[in-house]
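Below you'll find the structure, written out as structure tokens, and then a few comments.
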Amino acid sequence: MIMEPLQNIPAATPESVWAILRETAQMQKENEAKWEKSRAENEAKWEKSRVDFDRRMKAIQKTVGGITHNQGAFAEEYFFNSFEKGEKNFFGENFDEISQHLKNRWQGIEDEYDIVLLNHASAALIEVKYKAHANDIPAVLKKAETFRILFPQYKDFKIYLGLASMSFYPELEQECIKEGIAVIKQVGDAVVINDKHLKIF
């Protein structure tokens, strides 16, 4: 088969070369514009997704925080009502006064006491948690020190410490016993107090 020579192909000239280059540059510019638009749209979508995610997370955190707060408030009210209505002859002594959410601040020291029981010579400071953990114990132990500073009228009182919780796991209970902190827990419909190991702080 014999190939016929190509016909009507114009010879390249400087003008035609420049025209091709201009067309190529224009196509590249259009492609870059399209890519930039696409990138901007994707960034806008990503930012919208991030904002929506942050909003949802804040809502979840607020809900969880509200539940935790409500559980803590329920536990405090439950134990306070139990002490108020029940027999106050425990910790080896009889207490005739009970206070809730007692707090004070002085010279940079600030503390709050969930339940405070008082008589003429002793104070019982009870920290209340819905679900207590071993890492709560250092804060409970510190209560005796801050109470004497923030309420100097009781500085010479014997101070007892208690940790009240709706549930106790064995290791936590043993740690309280070791530190001389009363274990106060819900068992069925009753409040059970283990104060045989109490220390005077």
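Taken together, the values in this text are just the output of simple stated rules run on the coordinates, not laboratory data. Not measured: the values here are computed from a predicted model. No Cβ is skipped: glycine too gets one built from the backbone with ideal geometry, and neighbour counts run over all protein chains shown.
Once you have the Kirkwood Rh of segment 80-194 from its Cα pairs, apply Stokes-Einstein at 25 °C and 0.890 mPa s and quote D in µm²/s. Walk me through the numbers before you get to the answer.
Values: Rh = 14.4 Å.
In µm²/s, the coefficient is 170.
Would you mind calculating the relative contact order of segment 123-201 from Cα pairs under 8 angstrom and at least 6 residues apart, reporting the percent as a whole number?
Working: 129 pairs, mean separation 24.6, N = 79.
Dividing the mean separation by the residue count of segment 123-201 yields 31 percent.
Which value in nm describes the separation of the simple spin-label points at Lys196 and Gln153, placed 7 Å from the Cα toward the beta carbon?
Distance between label points: 3.7 nm.
How far is the Cα center of segment 106-172 from the Cα center of segment 184-201, in Å?
Using only Cα atoms to place each centre, the spacing works out to 14 Å.
Would you mind putting 174-180, 150-156 in packing order, based on average other-beta-carbon counts within 10 Å, highest first?
174-180, 150-156
Once every Cα of segment 155-201 carries one equal point scatterer and solvent is ignored, give the base-10 log of I(q)/I(0) from the Debye formula at q = 0.31 Å⁻¹, two decimals.
For the requested q values the scattering log ratios are -1.15.
Note the full-extension length gain between Glu41 and His120 as 0.36 nm times their separation in residues minus their Cα-Cα distance, in nm to one decimal.
21.1 nm
How many percent of DSSP beta bridges within segment 80-194 run antiparallel, rounded to 5?
60 percent
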